[in-house]
């Protein structure tokens, strides 16, 4: 299996996880209002994204990290749906990107599955 894709994925999730702590307001905006303790959930999801991304760099825990990323992607899917539902802007390209983001989650899940 190609290590380049693995390292790209690991770096991507590590960086995304860290950004939850640096820019939590960005993530708070996309939290569905029905979820309790949104700031805690932002930090929690960021922590797990970073940890699971980091785990991909170590062969002996790579599979655990990949499964964790899959679980995280499934767990944050409601936020992606909420982003689409809550968008009230007039930018058609942005609305299209929000729609494309939903099936893209399946591609990201498949990509992580390759490293389980």
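The values are calculated or read from the model by the stated rules, or taken from the named source; none is laboratory data. Here the structure is a predicted model, which is why all the values come from computation and not from measurement. FYI the Cβ positions are ideal-geometry reconstructions off the backbone, even for glycines, and counts take in every protein chain you see.
To keep it simple, each residue is scored yes or no on (1) surrounded by 18 or more Cβ atoms within 10 Å (Cβ to Cβ); (2) in contact (Cβ under 8 Å) with a residue 24 or more places away in the chain; (3) more than 11 Å from the chain's Cα centre (by Cα).
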position	(1), (2), (3)
44	no, no, yes
58	no, no, yes
66	yes, yes, yes
72	yes, yes, no
75	no, yes, no
93	no, no, yes
100	no, no, yes
114	no, yes, yes
Study note, to complete from the structure: Selection from segment 1-14 of residues within 11 Å of the chain's Cα centre (by Cα) and more than 18 Å from residue 105 (Cβ to Cβ) yields 14
Point to revise | Matching residues in segment 16-30 - criterion: being modelled with pLDDT of 95 or more and surrounded by 13 or more Cβ atoms within 10 Å (Cβ to Cβ) | key: 16, 17, 18, 19, 20, 21, 24
Review point. From the list 38, 33, which one is surrounded by 15 or more Cβ atoms within 10 Å (Cβ to Cβ), more than 30 Å from residue 7 (Cβ to Cβ) and either at pLDDT below 90 or in contact with a helix residue (DSSP H, G or I) (Cβ under 9 Å, 6 or more places away or on another chain) (or both)?
Key: 38
Practice item. Output yes when any residue across segment 59-70 is assigned to a loop (DSSP other than H, G, I, E, B), more than 13 Å from residue 108 (Cβ to Cβ), at pLDDT 95 or above and in contact with a helix residue (DSSP H, G or I) (Cβ under 9 Å, 6 or more places away or on another chain), and no when none is. Key: yes
Exercise for review: Return yes or no: is residue 82 within 21 Å of residue 17 (Cβ to Cβ), surrounded by 15 or more Cβ atoms within 10 Å (Cβ to Cβ) and out of contact with any helix residue (DSSP H, G or I) (no Cβ under 8 Å at 6 or more places or on another chain)?
Suggested key: yes
Review point. Hey, residue 23 hits all of (1) in contact with a helix residue (DSSP H, G or I) (Cβ under 7 Å, 6 or more places away or on another chain); (2) within 27 Å of residue 87 (Cβ to Cβ) but one; which does it fall short on?
Key: (1)
Exercise for review: Taking only segment 94-114 into account, find how many residues are part of a helix (DSSP H, G or I) and either under 30 Å from residue 61 (Cα atoms) or touching a strand residue (DSSP E or B) at 6+ places or on another chain (Cβ under 9 Å) (or both).
Suggested key: 13
